[in-house]
Amino acid sequence: EPLIHYSAIVDNFLFSHAGVTKTWAKQNNLDLNDLNFSINTLPLNSFAFNDKDYSNCGEHKSQGPMWVRPKSLKEDAIDGYTQIVGHTRQLSIKIEEDFAFIDSLENREFLSIEDGVMIVNII
């Protein structure tokens, strides 16, 4: 059992700080049949900021689950999962078909998942 969890998968929901792209998964030789274990047993340096694109902000498909931004994530997301991510501030929680961006400036919101349905709740 890994000591540090960089991601969690529950049903078809993939939770991580910023998201998981196909490009990053391929670069790290992840086993897509055991994605959660594959991610959580990678060495720490696998999650470092990748400056190949020189954007200085993580806007590239090769960025890992600590750094990738929503635009790149949406263009290159791992198939078969709804990704629940933070990292990039939104005015309010944003739910899209295969994504929930939950790093919200609205501090009264929270996301719940009930019977496989994502719901934005307000305190």
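Residue by residue through the stretch 47-65, note down the ones that are modelled with pLDDT of 75 or more and closer than 17 Å to Asn28 by Cβ. Correct list: Phe47, Ala48, Phe49, Asn50, Gly58, His60, Lys61, Ser62, Gln63, Gly64, Pro65. Note on the stretch 14-106: enclosed helices (runs of 4 or more DSSP H) holding 3 or more residues that are open to solvent by 70 Å² or more (accessible area, probe 1.4 Å) and touching a residue at least 12 places away in the same chain (Cβ under 8 Å) are 70-76. When residues in the stretch 107-123 are screened for being open to solvent by 60 Å² or more (accessible area, probe 1.4 Å), in a strand (DSSP E or B) and charged (D, E, K, R), 1 of them pass. Filtering the stretch 1-10 down to residues that are in a loop (DSSP other than H, G, I, E, B) and either at pLDDT 95 or above or open to solvent by less than 80 Å² (accessible area, probe 1.4 Å) (or both), which residue is farthest from Lys61 (Cα to Cα)? So, considering only residues that are in a loop (DSSP other than H, G, I, E, B) and either at pLDDT 95 or above or open to solvent by less than 80 Å² (accessible area, probe 1.4 Å) (or both), the one farthest from Lys61 (Cα to Cα) is Pro2.
The values are calculated or read from the model by the stated rules, or taken from the named source; none is laboratory data. Just so we're clear, the structure is a prediction, and the values are computed from it rather than from any experiment. A quick note on method: Cβ atoms are made from the backbone with ideal geometry, for glycine too, and the neighbour counts reach across all protein chains shown. We work out accessible area using only protein heavy atoms, side chains counted, and drop any ligands, DNA or RNA first. Shrake-Rupley method; radii C 1.70, N 1.55, O 1.52, S 1.80 Å.
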